[in-house]
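Below is one structure, written out as structure tokens, with a few remarks after it.
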Amino acid sequence: MIVLGIESTAHTFGAAIFKEERVLANVKTAFSTKTGGMVPARVADHHIEICDEIVRQACDDARVSPKDIGLVAYSRSPGLGHTLRVGATLARSLALLLKKPLVGVNHCIAHLEIGRLMTPAEDPVMLYASGANTQVVAYEAGRYRIFGETLDIGVGNFLDGFGRALGLGFPAGPAIERLAKKGAAQNVALLELPYSVKGMDVSFGGMLTKLKTMIRSKKYSKEQLCFSVQEIVFAMLVEVTERAMAHCDKKEVVLGGGVACNKRLQEMCSSMCKERKAKSHAPRNEFLVDNAAMIAWTGLRVYHQSGAVKPEQAGIDPYERTDDVEVNHY
Ligand code: AMP
Ligand code: MG
């Protein structure tokens, strides 16, 4: 079956075509700014403007005609209401127009499922480190359970907030990684920052406040700040991932989310796993960041498990949690 996937939970609008277990096309465009963050209504306008072009591009790349599509899958949760609505409306319209079944997908679960498809990981603990979400998730008893998570903001939003204070623009993650690498090459000293791990949960608000004060003091170079932030924040994430692995007795980690593109985070996860005789896996960046391929793939599995939803009932749920969803297709 040929599946069209549509992703629109936040800054990325994507369309992908899947055939069985193969990605035929995975097209996306992300809203970005030189300064400042993202205003939901403005991001939604961006998605509305380009959505038809992106779907057409996906069909062209895959060399399929819209009439060959057998299933339409869209991200129904969680995310920004404004942008979720754009994807859901487009998906409903296409399903009605093409007279094809429609399914809604939980975006966080899709990150996990694409990680399992694209890497050798079978039953991993997932460190999902993205803009809005930071969770340590593993499958237990019929659901993906959240073992640890951020108690305030997502790690990506934290990095973007820190980057904004440093004047780096949005998204700041890649620029922070470059500056941290320079800092490491310069052998800068590690700065002291609040390390907040509570059981398997983490929090970043206190560190962000402290960093803003440090930036205003003009005492520290960008390189030293970025290096210290990465070392300390990633140590927090790796620590809670390791605790979840011990708790669930699992031997694999799979990474998900845009922050997981960071090579230093990948390296720290790998060395933690090596010490416990476990394995850490990261899919290619294309499948770590928000993408529609994961929505198409998970949509196909959801369809086989539970069938389609009626277009008039195909809504959105900005606040749905990973463990709200029953999963029988694991
Ligand atoms: P997502 O929400 O999964 O699309 O991820 C977006 C987030 O990933 C943004 O907050 C980016 O700043 C962050 N990000 C992207 N690339 C990197 C990187 N190389 N290092 C750290 N964070 C990154
Ligand atoms: Mg995501």
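The values are calculated or read from the model by the stated rules, or taken from the named source; none is laboratory data. A quick note: this is a predicted structure, and the numbers were derived from the prediction, not measured. Note that we place each Cβ from the backbone using ideal geometry, even for glycine, and neighbour counts take in every protein chain shown. Heads up: the accessible areas ignore ligands, DNA and RNA and are worked out on the full protein's heavy atoms, side chains in. Shrake-Rupley method; radii C 1.70, N 1.55, O 1.52, S 1.80 Å.
Apply the Karplus curve 6.51 cos²θ - 1.76 cosθ + 1.60, θ = phi - 60°, to the phi angles in the range 131-139 and return the couplings in whole Hz, x for Gly and Pro.
x, 8, 10, 9, 9, 10, 10, 8, 7
How are the C-alpha pair distances of the range 159-238 spread across 10 Å bins, as whole percents from the shortest bin up?
In whole percents, the pair-distance histogram is 19, 55, 24, 2.
With every protein chain in place, what's the accessible area of Tyr303 (1.4 Å probe, Å², nearest 10)?
60
Would you please report the Å³ per residue occupied by the convex hull of the alpha carbon atoms in the range 234-330? Mind dumping the intermediate values first?
Details: hull volume 12.6 nm³, N = 97.
About 130 Å³ per residue, rounded to a whole number.
Based on the alpha-carbon set only, what is the convex hull volume of the range 131-182 divided per residue, in Å³? Please report the intermediate quantities before stating the final value.
Numbers: hull volume 4.6 nm³, N = 52.
Per residue, the Cα convex hull of the range 131-182 comes to 89 Å³.
Taking H as built 1.01 Å from N, whose amide H comes closer than 5 Å to the amide H of Glu149, not counting residues under 5 places away?
Long-range HN contacts for Glu149: Val136, Asp201, Val202.
Per DSSP helix of 4 or more residues, -39500 (n - 2.57); summed, then divided by the residues of the chain. What does that give at 222 nm, rounded to the nearest 500?
So the calculated ellipticity at 222 nm is -15000 deg cm²/dmol.
Can you list residues from other chains, or at least 5 along the same chain, whose modelled amide H is less than 5 Å from the amide H of Ala25?
Residues meeting the criterion, in which the H sits 1.01 Å from N, are Ile17.
Where the eigenvalues come from the Cα gyration tensor of the range 78-142, what are the semi-axes √(5λ) of the equivalent ellipsoid, largest first, in whole Å?
Equivalent ellipsoid of the range 78-142: 28, 16, 10 Å, largest first.
Net charge within 14 Å of Lys100 by Cβ-Cβ distance, Lys/Arg positive one each and Asp/Glu negative one each, not counting Lys100 itself? Show your work: numbers first, answer last.
Working: positive: Lys67, Arg92, Lys99, Lys310; negative: Asp68.
Taking every other residue near Lys100 into account, the sum is +3.
When only C-alpha pairs under 8 Å and at least 6 residues apart count, what is the relative contact order of the range 123-282, in percent?
Numbers: 278 pairs, mean separation 46.7, N = 160.
Result for the range 123-282 is 29 percent.
Leaving out ligands and nucleic acids, and using a 1.4 Å probe, what accessible area per residue does the chain come to in Å²?
44
Provide the FRET efficiency to the nearest 0.05 for the Asp45-Glu286 pair, computing r from the beta carbons and using R0 = 25 Å.
Taking R0 as 25 Å, the efficiency between Asp45 and Glu286 is 0.50.
Only residues of the range 265-307 count here: report those whose backbone N is under 15 Å from the spot 7 Å along Cα→Cβ of Ala246, or say none.
Only 272-278 fall inside the zone, counting backbone N under 15 Å.
What is the ratio of the Cα radius of gyration of the range 123-282 to 2.2 N^0.38 Å, where N is its residue count, to two decimals?
Here the answer is 1.02, to two decimals.
Considering only protein heavy atoms and a 1.4 Å probe, what is the carbon-and-sulfur percentage of the accessible area of the chain?
Here carbon and sulfur together make up 50 percent of the probe-accessible area.
Fully extended, how many nm does the chain gain between Asp60 and Gln313 (0.36 nm per residue separation, minus their Cα-Cα distance)?
Roughly 88.1 nm would be gained on extension.
Show Leu90, Leu96 ordered by accessible area, largest first, where the area counts protein heavy atoms only and the probe is 1.4 Å.
Leu96, Leu90
Can you report the principal axis dimensions of the range 1-116 using only the alpha carbons, biggest first, rounded to whole angstrom?
Projected onto its principal axes, the Cα set of the range 1-116 covers 42, 30, 23 Å.
Of the beta bridges DSSP finds with both residues in the chain, what % are antiparallel, to the nearest 5?
Numbers: 29 of 46 bridges.
Percent antiparallel among DSSP bridges in the chain is about 65.
Of the peptides 10-16, 83-89, 238-244, how do they stack up when ordered by the mean number of other Cβ atoms within 10 Å, highest first?
Output ranking for 10-16, 83-89, 238-244: 10-16, 83-89, 238-244.
Can you list the residues, at least 5 places off or on another chain, whose amide H is less than 5 Å from the amide H of Val125, using H built in the peptide plane?
Glu252, Val253, Val254
Taking all pairs of distinct Cα atoms, average 1/r, flip it, and tell me the Kirkwood hydrodynamic radius of the chain in Å to one decimal place. Could you put the intermediate results ahead of the total?
Values: mean 1/r = 0.0496 Å⁻¹.
Hydrodynamic radius (Kirkwood, Cα only) of the chain equals 20.1 Å.
If you take the beta carbon distance between Glu275 and Thr209 as r and set R0 to 41 Å, what does 1/(1 + (r/R0)^6) give as a FRET efficiency, to the nearest 0.05?
0.80
If R₀ is 35 angstrom, what is the calculated FRET efficiency for the pair Val325 and Ala185, using the beta carbon separation as r and rounding to 0.05?
0.20
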